[in-house]
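The values are calculated or read from the model by the stated rules, or taken from the named source; none is laboratory data. Because the structure is predicted, anything quoted here is derived from the model rather than measured. Methodologically, a virtual Cβ is constructed for each residue, glycine included, from the backbone with ideal geometry; neighbour enumeration extends over all protein chains shown.
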Amino acid sequence: MNNHPATALIAEDEPLLAQALQAELARAWPALRVLATVGDGASAVAQSLQLLPEVLFFDIRMPGLGGLEAAAELADDWPQDTPFPALVFVTAYDQYAVQAFEAQAVDYLLKPVQAGRLQKTVSKVQQALATRAPPAIHSGVTPDASLDTTLQQLRQLLAATRAPGPDSGPLKVLQISVGTSIRMVPVGEVLYFEAADKYVRVLTADHEYLIRTPLKDLLPQLDAQTFWQVHRGTVVQAGAIDAVSRDDTGKLTLSLRGRPEKLAVSRLYSPLFRAL
């Protein structure tokens, strides 16, 4: 590891828990510098991009963006000449979620944080930082290996936390309020869904509707083989994708049959289009 002290950012919406974690970190890793403590996912992304810490402690449940979603958004905008931070998730999830984290080799801390468990996490993170190599950059578009691994882990974790229940099937019809009536819109006619504040835009070839169901609640009801998430706020019907293009910076955009707009693909979901 470099001679300079490692740096970290804590994202935790409960101030007392954030203070407790910082106090425990001071005992377990005295040389660690905590650059900032924030209370929501959007601030975690913004502050991380500004401060570029080497370690992130993200609470899973936060207002707005949760820890997984914040990490995914951060990965999309992280500068490619800087290794992506080591991620540690703080969670009060049940055993099923814990197994998902263990399967992806992502470190996690259960609330309330225990000193012995934190010491193991600190050792693991220190080892990861010590063996980390600077990313190899080719034409300014190739992410570092640590980011590739992190993106794969995040994709699997997001899929696990959004999986539908065993008795539920894919949604077939959307009931959408339009004025004083309810439109019955077959899900198969939807070309893409897009998050918009407290609503979700539902786009067909000829119409646009608004529904109040958050995208994160709608996702488990959709057939994952038919509807692909390509961005934190965008889910497209795979069969409606007409073309995928890459610009000079490596960013991907989609064009759909029946819609004029171009849709951005985040770094997290770009492996869906491996041919590029």
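A few remarks follow.
- Answer residue from the range 211-245, given it is closer than 27 Å to Leu74 by Cβ and of a type in the set (Lys, Arg) and is surrounded by the most Cβ atoms within 10 Å (Cβ to Cβ) among those: Arg232
- For first residues located in the range 16-41 and under 11 Å from Asp59 (Cβ atoms), partners that are in a loop (DSSP other than H, G, I, E, B) and among the charged types (D, E, K, R) and lie 6+ apart or on another chain with Cβ distances below 6 Å form the pairs Ala18/Glu12; Gly39/Asp13.
- Residue check for Leu129: more than 30 Å from Leu263 (Cβ to Cβ), modelled with pLDDT of 85 or more and touching a strand residue (DSSP E or B) at 6+ places or on another chain (Cβ under 8 Å): yes
- Positions within the range 33-84 being among the charged types (D, E, K, R), farther than 21 Å from His231 by Cβ and modelled with pLDDT under 90, in sequence order: Arg61, Asp81
- Answer from Ala163, Ala105, Ala145 - the residue that is modelled with pLDDT under 60 and not charged (D, E, K, R): Ala105
- Scanning the range 174-183 for residues that are more than 15 Å from Arg201 (Cα to Cα) and not polar (S, T, N, Q), we see that the one that is surrounded by the most Cβ atoms within 10 Å (Cβ to Cβ) is Ile182.
- Residue within the range 219-240 that is of a type in the set (D, E, K, R), more than 23 Å from Arg267 (Cα to Cα) and in contact (Cβ under 8 Å) with a residue 12 or more places away in the chain present: no
- Check on Leu171, among the aliphatic types (A, V, I, L, M), in contact (Cβ under 8 Å) with a residue 12 or more places away in the chain, in a loop (DSSP other than H, G, I, E, B) and more than 19 Å from Leu272 (Cβ to Cβ): yes
- Residue match in the range 192-213 (condition: assigned to a strand (DSSP E or B) and at pLDDT below 90): yes
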